[in-house]
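Beneath this line is the structure, given in structure tokens, with notes to follow.
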Amino acid sequence: MSNLFDIPLKSIDGAPSTLGQFKGKVLLVVNVASKCGLTPQYAGLEKLYEEKRAKGLEVLGFPANNFMGQEPGSEEEIKQFCDLNYAVKFPLFSKISVVGEDKHPLYQELTRAFPDATGEGPMRTRLKGYGIEANPIPEVQWNFEKFVIGRDGRVAARFAPDVTAEDPRLVQAIDAELAKGA
């Protein structure tokens, strides 16, 4: 397994980056989209970030246009949308692919390290109701899937897209990692 901290990324402004800048913090990595039924989750993610940032949590948003074209905008449009609609202060990165042939190396590692998502089921049923076949495990199922990465850089938990930032299971996983100390 490669080190998650070393995988090359770009900030939403196009600056070269890695997760290494967040070493020693607990990370919540989320693939986000502006035109999804789950988009209102931005509000809960921002609230969680504000509440737990001082304790060492970083919420990291990775826009992805993999699911029915629900993130069609440019980086600038995404940034403006997040700012105007949800006052997002947590770090956003440039648009990447989270599934398929062009899946970003970060998501290759995340899904390999933690193939099963907590909260699996309801979202798959909802997608099927819309005539959409969900991706097979271990692939990311839809927008707003969440990965918790501990301070040591290991993937500690994974949550289905419809598990919100307020869900006790997610909060408990984050708090458990935060309790491990810097």
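Values for this structure:
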{"read-out": "Computed over the chain, Kirkwood Rh from alpha-carbon pairs, angstrom", "value": "16.2"}
{"read-out": "Inter-probe distance in nm under a simple model that places probes 7 Å from Cα toward Cβ, at Asp13 and Lys89", "value": "1.7"}
{"read-out": "Rounded Å value of the spacing that divides the Cα centres of segment 71-95 and segment 105-164", "value": "21"}
{"read-out": "Label point distance in nm, Lys55-Glu77, each placed 7 Å from Cα along Cα→Cβ", "value": "3.7"}
{"read-out": "Most mobile of Ala54, Ala64, Ala117 in a GNM of the chain (Cα contacts under 10 Å)", "value": "Ala54"}
{"read-out": "Convex hull volume of segment 1-85 per residue (C-alpha atoms, cubic angstrom)", "value": "110"}
{"read-out": "The chain, helix-only ellipticity at 222 nm - DSSP H runs n ≥ 4, -39,500 (n - 2.57), divided by all residues, nearest 500", "value": "-8500 deg cm²/dmol"}
{"read-out": "Distance between modelled label sites at Ala176 and Asp116, nm, 7 Å Cα→Cβ extension", "value": "1.3"}
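Values in this text are rule-based calculations from the coordinates and carry no lab data. Nothing here was measured: the structure is a model prediction, and the numbers come from that model. Using ideal geometry, Cβ is built from the backbone for each residue, glycine included, and neighbour counts are taken over all protein chains shown.
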